[in-house]
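Have a look at the structure below before the remarks.
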Amino acid sequence: MNIFVLTGAGVSVASGLGTFRDKDGLWSRFDPMKLATPEAFARDPDQVHAFYNMRRRNLMEAEPNAAHFALARLEAGLKEQGGKLFLCTQNIDDLHERAGLQQVTHMHGELLKARCVACGAIMPWCEDLSVATPCLSCGDTGNLRPHVVWFGEMPLFMDAIYDALLEADLFASVGTSGSVYPAAGFVAEARGHGIRTCEINLEPSDNARQFDERRYGPASEAVPAWVEDMLTSS
Ligand SMILES: [Zn+2]
């Protein structure tokens with residue numbers, strides 16, 4: 001069986017990394033338009049760097065949780081059975097990788113990478129960034145930004161993502177609010193191609209009605225239970 005899994009902030013909640021759109025979410029405390037847009041970065045790069053430096057430090061202290069480890073088991077288990085997992089995440093953290101996932105497609109970029117807007121180089125980055133940080137590739141200062149997709153920017157790897165989605169036997173949406181496009185449109189795309197769909201989330205998402213199967217609960221409990229079912233039923 002080929003499974004396409006889309007993950008969102010819900011899988012990282014038990015690791016202490018918050019969600020965005022809940023009442024206690026990150027965007028209830030911070031204004032995304034002042035922190036996560038190209039215009040905000042052009043206007044006030046120090047403030048944008050401070051926000052991502054804080055998130056990067058939080059991430060360095062976080063650990064993967066049972067949901068991340070279960071998805072790594074799913075990847076290994078499907079491979080053993082001759083199938084495949086394509087894991088597409090909206091998360092910019094590296095907790096899937098740290099849990100042992102071999103293939104992770106980060107459609108919204110990666111917090112632990114920096115990109116130089118002058119030379120285009122993308123480099124691993126675990127330290128704070130500032131307007132004074134020189135690019136490791138071209139040496140220019142003032143041109144490094146977090147390698148994350150901001151509001152108004154195109155998500156990454158969309159061709160590969162749609163190819164993988166349409167090859168899947170099952171589309172599973174895990175821990176995502178179903179409100180951010182294009183990812184929120186994957187379920188309709190999958191359905192349109194006759195692919196079975198499953199939602200695993202804390203509560204019904206904005207798209208809940210579009211899913212064939214729905215499972216609700218904290219990701220750290222609901223995901224391991226679902227993975228167990230997937231690997232024993234196929
Ligand atoms: Zn550069």
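Since every read-out is calculated from the coordinates, none of them should be taken as a lab result. Model, not experiment: these values are computed from the prediction. Cβ atoms come from the backbone with ideal geometry, glycine included; neighbour counts cover every protein chain shown.
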_Name the single residue that is surrounded by the fewest Cβ atoms within 10 Å (Cβ to Cβ) among those in region 2-18 being more than 20 Å from ARG215 (Cα to Cα) and of a type outside the set (Ser, Thr, Tyr)._
GLY16
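Buried (at least 20 other Cβ atoms within 10 Å of the Cβ), in a helix (DSSP H, G or I) and either out of contact with any Lys or Arg (no Cβ under 9 Å at 6 or more places or on another chain) or not acidic (Asp, Glu) (or both), is that true of ALA184? Give the steps one after another, and end with the answer.
Details: buried (at least 20 other Cβ atoms within 10 Å of the Cβ): yes; in a helix (DSSP H, G or I): yes; either out of contact with any Lys or Arg (no Cβ under 9 Å at 6 or more places or on another chain) or not acidic (Asp, Glu) (or both): yes.
Spelling it out, ALA184 is indeed buried (at least 20 other Cβ atoms within 10 Å of the Cβ), in a helix (DSSP H, G or I) and either out of contact with any Lys or Arg (no Cβ under 9 Å at 6 or more places or on another chain) or not acidic (Asp, Glu) (or both).
Could you look through region 108-155, keep only residues that are in a loop (DSSP other than H, G, I, E, B) and touching a Phe, Trp or Tyr at 6+ places or on another chain (Cβ under 8 Å), and pick out the one that is farthest from the ligand (Cβ to nearest atom)? Full working, then the answer.
Here is the first cut: in region 108-155, the ones in a loop (DSSP other than H, G, I, E, B) are 108, 117-121, 125-133, 135-140, 142-143, 149-155.
Add one more test, that the residue is touching a Phe, Trp or Tyr at 6+ places or on another chain (Cβ under 8 Å), and what stays is 129, 150.
Values: LEU129: 13, TRP150: 19 Å.
My answer is TRP150.
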*Sole residue being among the polar types (S, T, N, Q) and in contact with a strand residue (DSSP E or B) (Cβ under 6 Å, 6 or more places away or on another chain), chosen from SER173, SER220, SER233, SER177*: SER173
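Check whether at least one residue in region 34-52 is among the polar types (S, T, N, Q), surrounded by 15 or more Cβ atoms within 10 Å (Cβ to Cβ) and under 26 Å from ARG196 (Cα atoms), and report yes or no. Full working, then the answer.
First, pick out the residues of region 34-52 that are among the polar types (S, T, N, Q): 37, 47.
Checking which are surrounded by 15 or more Cβ atoms within 10 Å (Cβ to Cβ) leaves us with 37.
Then keep just the ones that are under 26 Å from ARG196 (Cα atoms); that gives none.
No, region 34-52 contains no residue that is among the polar types (S, T, N, Q), surrounded by 15 or more Cβ atoms within 10 Å (Cβ to Cβ) and under 26 Å from ARG196 (Cα atoms).
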*Right, LEU85: surrounded by 21 or more Cβ atoms within 10 Å (Cβ to Cβ), in contact (Cβ under 8 Å) with a residue 60 or more places away in the chain and part of a strand (DSSP E or B) or not?*
yes
